[in-house]
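S.K.: Dropping a structure here in structure tokens format, bear with me for questions.
The values are calculated or read from the model by the stated rules, or taken from the named source; none is laboratory data. Quick caveat, the model's predicted, so the values are computed rather than measured. Methodologically, a virtual Cβ is constructed for each residue, glycine included, from the backbone with ideal geometry; neighbour enumeration extends over all protein chains shown.
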Amino acid sequence: MLSLVLALAVASFAGVPSASDDALRSTVTIGGTVGASREGNEVQFGAGEILAQRADGTLLVLTARHVVAHLETPRVFLHDDVPLGSWVQRFFSSGAGRDAAVVALAPDTDLALIAFRPEVGDRFAIARFGDADPAQGTIVGDPYGAAWTTSAFALISAENARLIVRCARCGPGDSGGGVFDADGRLTGIVTESQDRVVDGHPVATGIFRAIALTPIRRFVASAGTPTTATPTAPLLATRGITASDAWARFHAARSGP
């Protein structure tokens, strides 16, 4: 019953766009099957942020370590690869996507870097780092499998390089996704949802944890990757994004930030 409810919710939902389309274009969906074969039944997925294009043309992506740590071969979808609001699990189940390789796993925090090679004609953006913990902004990810969802958040606290935020539309599947300020600059990476499933039913708390910029910069530097890069100019998204009645009903118990 839970799978049916989630499927109905994500099938007709797409989020509200952020202040900058770069936040959408710099976000990728990451996932794959757990085990030695793409035909495996267990699919894991999350999101990630493009940080740089390396000299060999590959794109370097920052994500949460737990998103990729147990995947046999991480696979990546760019914004144009999966329709807005689609259920991303079915794309990974079919074995589609671009193969990626793990570049680095942080030993002491939930961060990872992966790399993949874009195809000719791909449209993407390089995430721009912010310089402060935002009081509010947007999170881009795949909550409950709903592709390319942007959700408003409000900052609750920022202590010990951790951000705790309240986000009404976020959920499992946002891990690795970017925390963006009002100007579309990356200020953190989502690592943990406080949502739970009890007796087969989702229990939404609206509370999420993210890693702030200081440990992100430290990890990226330790991996020998620059924290700034010249952005690749994207062709901005033009499709409208609106919240659906189905999603509103699904989240009726939540209140926005």
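S.K.: Considering V5, V61, which residue is at pLDDT 80 or above and out of contact with any helix residue (DSSP H, G or I) (no Cβ under 6 Å at 6 or more places or on another chain)?
M.R.: Working: V5 fails: at pLDDT 80 or above.
Unique residue meeting the criteria: V61.
S.K.: Among the residues of region 110-122, which ones are over 17 Å from the mean Cα position of the chain (by Cα) and touching a residue at least 12 places away in the same chain (Cβ under 8 Å)? Break it down stepwise before answering.
M.R.: Here is the first cut: in region 110-122, the ones over 17 Å from the mean Cα position of the chain (by Cα) are 117-122.
Selection gives R117, P118, E119, D122.
S.K.: If you don't mind, another one. Of everything in region 76-125, what is among the β-branched types (V, I, T), outside any strand (DSSP E or B) and over 22 Å from S151 (Cβ atoms)? Give them in sequence order. Give the steps one after another, and end with the answer.
M.R.: Step one: list which residues in region 76-125 are among the β-branched types (V, I, T), which gives 76, 82, 88, 102-103, 109, 114, 120.
Among the residues that remain, those that are also outside any strand (DSSP E or B) are: 82, 88, 109, 120.
Listed by number, the residues that qualify are T109, V120.
S.K.: Given the options A52, A47, name the one that is assigned to a strand (DSSP E or B), touching a residue at least 24 places away in the same chain (Cβ under 8 Å), touching a strand residue (DSSP E or B) at 6+ places or on another chain (Cβ under 8 Å) and more than 23 Å from S193 (Cβ to Cβ). Talk me through it step by step, then tell me what you get.
M.R.: Values: A47 fails: more than 23 Å from S193 (Cβ to Cβ).
One residue alone meets the criteria, A52.
S.K.: Would you mind stating whether F91 is touching a residue at least 12 places away in the same chain (Cβ under 8 Å), touching a Ser or Thr at 6+ places or on another chain (Cβ under 7 Å) and hydrophobic (A, V, I, L, M, F, W, C)?
M.R.: Values: touching a residue at least 12 places away in the same chain (Cβ under 8 Å): yes; touching a Ser or Thr at 6+ places or on another chain (Cβ under 7 Å): no; hydrophobic (A, V, I, L, M, F, W, C): yes.
Against the criterion (touching a residue at least 12 places away in the same chain (Cβ under 8 Å), touching a Ser or Thr at 6+ places or on another chain (Cβ under 7 Å) and hydrophobic (A, V, I, L, M, F, W, C)), F91 does not qualify.
S.K.: Could you list, in sequence order, the residues of region 215-229 that are within 18 Å of A132 (Cα to Cα) and either at pLDDT below 75 or surrounded by fewer than 18 Cβ atoms within 10 Å (Cβ to Cβ) (or both)?
M.R.: If the condition is that a residue be within 18 Å of A132 (Cα to Cα) and either at pLDDT below 75 or surrounded by fewer than 18 Cβ atoms within 10 Å (Cβ to Cβ) (or both), then R217, R218, T227, T228 are the ones that fit.
S.K.: When region 159-180 is examined, which residues are found to be in contact with a strand residue (DSSP E or B) (Cβ under 8 Å, 6 or more places away or on another chain) and in a strand (DSSP E or B)? Give the derivation first.
M.R.: Let us first name the residues in region 159-180 that are in contact with a strand residue (DSSP E or B) (Cβ under 8 Å, 6 or more places away or on another chain), namely 161-180.
Across region 159-180, the qualifying residues are R162, L163, I164, V165, R166, G178, V179, F180.
S.K.: What are the residues in region 166-181 that are of a type in the set (A, V, I, L, M, F, W, C) and modelled with pLDDT of 90 or more, if any?
M.R.: Narrowing region 166-181 to residues of a type in the set (A, V, I, L, M, F, W, C): 167-168, 170, 179-180.
Listed by number, the residues that qualify are V179, F180.
S.K.: Can you tell me how many residues within region 196-211 are at pLDDT 80 or above and either touching an Asp or Glu at 6+ places or on another chain (Cβ under 6 Å) or surrounded by fewer than 15 Cβ atoms within 10 Å (Cβ to Cβ) (or both)?
M.R.: Quick first cut of region 196-211, residues at pLDDT 80 or above only: 206-211.
Filter once more, keeping what is either touching an Asp or Glu at 6+ places or on another chain (Cβ under 6 Å) or surrounded by fewer than 15 Cβ atoms within 10 Å (Cβ to Cβ) (or both): 209.
Number of matching residues: 1.
S.K.: Here is a follow-up. Take region 8-30 and flag every residue that is at pLDDT 50 or above and either of a type in the set (S, T, Y) or within 11 Å of the chain's Cα centre (by Cα) (or both). Give the steps one after another, and end with the answer.
M.R.: Restricting attention to region 8-30, the residues satisfying the condition of being at pLDDT 50 or above are 20-30.
Across region 8-30, the qualifying residues are S20, A23, L24, S26, T27, V28, T29, I30.
S.K.: Which of the residues that make up region 57-107 are of a type in the set (K, R) and buried (at least 18 other Cβ atoms within 10 Å of the Cβ)? Reasoning before the result, please.
M.R.: First, the residues of region 57-107 that are of a type in the set (K, R): 65, 75, 90, 98.
Residues satisfying the conditions are R65, R75.
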